[in-house]
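The values are calculated or read from the model by the stated rules, or taken from the named source; none is laboratory data. Since we're looking at a predicted model, the values are computed, not measured. Note that we place each Cβ from the backbone using ideal geometry, even for glycine, and neighbour counts take in every protein chain shown. For accessibility, only protein heavy atoms count, side chains too; no ligands or nucleic acids. Shrake-Rupley method; radii C 1.70, N 1.55, O 1.52, S 1.80 Å.
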Amino acid sequence: MSPFEAAFHASAERHERFWIFGVLVMLVLLTIGTMFYVVHDYGLVTGTHSYATDPQAPAREAAFQDGKVVRTGPNAYAVYVVGRAWHWSPDVIHVPEGAEITFYVTSADVLHGFEIQGTPVNLTAVPGVVGTVRYTFRHAGLFRILCNEYCGMFHHAMVARIIVDPAGTP
Ligand code: CUA
């Protein structure tokens, strides 16, 4: 190997090491950055679990019939939602900004997907099962509940609204 070739190889290896290391650093930064961005933008959900009862029963429970939005603490609310082909009941929900909201979700017929647009809230509404998820809306505004589980002809029209009222609104 001529001195020129040796120098060329040494230089090429330096470049390769630089780029291997550089790409690894970029991957790590992108991963951390993306995770931070998603959590910062969407928030985190807690308190997810589900419990089963006999089929059809939950949708008939009083809370799901008329409770809808129940205050459970100084700054905490329980919201009961039933999915039916093809609407959510209730279809307009008011909750205050900054409050801890626990959603109780079930279905009266087939599987529906309970997804709150612009949040990480996403669970499946299953007949006979009550799924829960806890979430705090940090900003007032309109959020849509979309059905993301194909449930028949008007699946696409199965949309409800959550109106997050500014804190301090009675
Ligand atoms: Cu309900 Cu799709």
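Could you do me a favour and compute the accessible area per residue for the range 1-47, 1.4 Å probe, result in Å²? All intermediate terms of the calculation are to be shown ahead of the outcome.
Values: 4280 Å² over 47 residues.
I get 91 Å² per residue for the range 1-47.
Determine the sum of side-chain charges near VAL95: Lys and Arg each +1, Asp and Glu each -1, restricted to other residues whose C-beta is under 15 angstrom from that of VAL95.
Working: positive: LYS68, ARG71, ARG134, ARG138, ARG144, ARG161; negative: ASP91, GLU97, GLU100, ASP165.
Residues close to VAL95 contribute a combined charge of +2.
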In degrees, nearest 10, the alpha-carbon axis of helix 3-42 is tilted away from the dominant principal axis of the alpha carbons of the chain by 10
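Tell me the relative contact order for the chain as a rounded percent, counting alpha carbon contacts under 8 Å between residues six or more apart. Don't jump to the answer; show the numbers that get you there.
Numbers: 335 pairs, mean separation 38.2, N = 170.
Reported relative contact order: 22 percent.
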Probe 1.4 Å, heavy atoms of protein chains only: per residue, the accessible area of the range 57-165 in Å² is 44
Share of the range 57-165's accessible area from carbon and sulfur, percent, 1.4 Å?
-> 52
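Just the C-alpha atoms of the chain: what Rg/Rh do they give, with Rh taken as the Kirkwood radius?
Working: Rg = 24.5 Å, Rh = 18.7 Å.
Rg/Rh: 1.31.
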Once you charge only the Cβ atoms, +1 for Lys and Arg and -1 for Asp and Glu, what is the size of the charge dipole of the chain about its Cα centre, to the nearest 20 debye?
-> 240
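Net charge around THR72, counting only other residues with Cβ within less than 15 Å of its Cβ (Lys, Arg = +1; Asp, Glu = -1)?
Numbers: positive: LYS68, ARG71, ARG134; negative: GLU100.
My count for the surroundings of THR72 gives +2.
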